[in-house]
1. How would you order 103-113, 126-136 from highest to lowest mean count of nearby Cβ atoms within 10 Å?
2. Along the charge dipole of the chain, which of Met1, Ser145, Trp63 sits closest to the positive end, that is, farthest toward it, with unit charges on the beta carbon of Lys, Arg, Asp and Glu (+1, +1, -1, -1)?
3. Tell me, what is the per residue accessible area of the chain in Å², probe radius 1.4 Å?
4. Under the Kirkwood approximation applied to all pairs of distinct alpha-carbon atoms, what is the hydrodynamic radius of the chain in Å?
5. Dipole of segment 1-120, Cα-centred, from +1 at each Lys and Arg C-beta and -1 at each Asp and Glu C-beta, to the nearest 20 debye?
6. Between Glu113 and Lys134, what is the label-to-label distance in nm when each label sits 7 Å out along the Cα-to-Cβ direction?
7. Within 12 Å, Cβ to Cβ, of Gly78, how many net charges do the neighbouring residues add up to if Lys/Arg are +1 and Asp/Glu are -1?
8. Could you work out what % of the accessible surface of the chain is carbon and sulfur, using a 1.4 angstrom probe and leaving DNA, RNA and ligands out of the count?
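The values are calculated or read from the model by the stated rules, or taken from the named source; none is laboratory data. Just so you know, these numbers come straight off a predicted model, no measurement behind them. Note: ideal-geometry Cβ built from the backbone for every residue, glycine included; neighbour counts use all protein chains shown. Calculation scope for accessible area: heavy atoms of the full protein, side chains included, ligands and nucleic acids excluded. Shrake-Rupley method; radii C 1.70, N 1.55, O 1.52, S 1.80 Å.
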Amino acid sequence: MNLWVYKVRNDPDTEYNAYGDWESVFAEPWRDHAWGGAWASSRADDKRIFDDEVERGDLVLAWQSDRRAAIGLCGVTGSQPSEHDGLDLVLRPVERFSAPVKLHVLKRTTHLELQKVQALKQGHIRTIYPTSSKEARLLLAACGSERRVRTRGGDTL
């Protein structure tokens, strides 16, 4: 099980292929939601991750780019054909944070170790970011989540 940081922007005029609002996913926590996939990004790295690396059982840290905040965690329950070319991920909310978590603020103030997290560094914005074991622990702790990620090697983080 891996933790992925999945960034979405709610701006129909964006230069990206897709846009959305994580609030619509967390508004209905009892059901699965088709949500983006390789078609939603123009970056080859993102497409490879969506198509080949994200697996059922992985966790997604739902990041709303236009609010610069983490909204919650979703579990990957599978994939399905998209109305666009390709597949959508199918996600189910597993934890909504009590308030949006401003990780960029935390990395400058109380959680300086977040400065090392690739998904929070400046640079070209991607849609989906893998996290290392250490990054997953830091992100979950900073968001106040007690969830643990079990790596493919079986270690609990």
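1. 126-136, 103-113
2. The Cα lying farthest towards the positive end belongs to Ser145.
3. Accessible area per residue: 53 Å².
4. Values: mean 1/r = 0.0639 Å⁻¹.
Evaluated on the chain, it is 15.7 Å.
5. Working: 15 positive and 20 negative charges, 137 e Å.
I would put it at about 660 debye.
6. Roughly 1.0 nm, to one decimal.
7. Working: positive: Arg56, Arg92; negative: Asp32, Glu55, Asp58, Asp88.
After counting each charged neighbour, the total is -2.
8. Heavy-atom surface of the chain belonging to carbon and sulfur, 1.4 Å probe: 46 percent.
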